[in-house]
Amino acid sequence: MSMLTPPGMGGKYRITGDVYPRMRRPHRRRRIVLAATAAVVVLGAAGWGTLQLVDVFSGDAGTKAAAGKQADCKPALTPTAAPAAALPKPAQITVNVYNATPRSGLAKTTADELAKRGFKVGKIGNAPAAYDKKVPGAGLLLGAPAATKGAFPVLGTQLAGATTRTDTRATADVDLIIGTAFKNLSPKTTADAALVALTKPAPAPTGKC
């Protein structure tokens with residue numbers, strides 16, 4: 001081995017001129033690689049965190065909030081329909097039939113038809129002077145204030161276009177005063193369908209927000 005051969009080189013390198021081999025310790029290269037890898041990881045984590053912040057302040061946050069609100073919206077517990085308000089049946093309604101037109105016999109024939117349809121018939125005759133020849137429509141239903149949510153809707157299914165009015169009577173009977181535009185009661189099939197629709201339960205809530 002030459003005296004100019006650096007120790008520990010095993011004769012691998014020889015000095016042939018003014019240039020000397022550069023020698024580094026092997027573990028220094030590993031440090032560089034590890035440092036570079038760590039830098040990449042740190043930069044990736046920083047980028048991911050920035051992306052999350054952008055999502056929070058962008059429309060994604062509103063979307064998530066809306067989704068949470070939809071989750072809080074619960075459907076109805078029962079699919080059954082809500083019960084309709086209790087209405088009297090035709091047999092529970094007493095109707096007084098009065099004729100306010102110049103045509104004779106209308107009160108009797110109308111009362112007979114109402115009786116066939118299940119109503120109780122009370123008084124039959126000509127209209128009082130306050131209404132005689134003064135009801136321009138098909139008819140007028142007259143009764144106590146309580147009749148507006150009871151007898152009036154049920155009796156109204158029998159005569160399309162009838163108007164209603166209340167008075168101070170203390171009884172539950174109602175008056176049907178036939179007006180000058182009256183022709184006939186509604187056809188029975190039409191009146192029956194209207195009565196069924198009147199007593200049909202209202203639809204249940206769907207649970208939508």
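At a glance:
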read-out	value
Test for residue 111: is it out of contact with any His (no Cβ under 6 Å at 6 or more places or on another chain) and either more than 15 Å from residue 90 (Cα to Cα) or surrounded by 16 or more Cβ atoms within 10 Å (Cβ to Cβ) (or both)	yes
Residue among 195, 185, 159, 176 that alone is open to solvent by less than 50 Å² (accessible area, probe 1.4 Å), out of contact with any Asp or Glu (no Cβ under 9 Å at 6 or more places or on another chain) and in a loop (DSSP other than H, G, I, E, B)	159
Close pairs (6 angstrom Cβ cut-off, 6 or more residues apart or separate chains): modelled with pLDDT of 95 or more in the range 180-207, part of a helix (DSSP H, G or I) anywhere	185/113
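The values are calculated or read from the model by the stated rules, or taken from the named source; none is laboratory data. As the structure is a computational prediction, the values presented were derived from the model and not from experiment. FYI the Cβ positions are ideal-geometry reconstructions off the backbone, even for glycines, and counts take in every protein chain you see. In case anyone asks, the SASA skips ligands and DNA or RNA and just uses the protein heavy atoms, side chains included. Shrake-Rupley method; radii C 1.70, N 1.55, O 1.52, S 1.80 Å.
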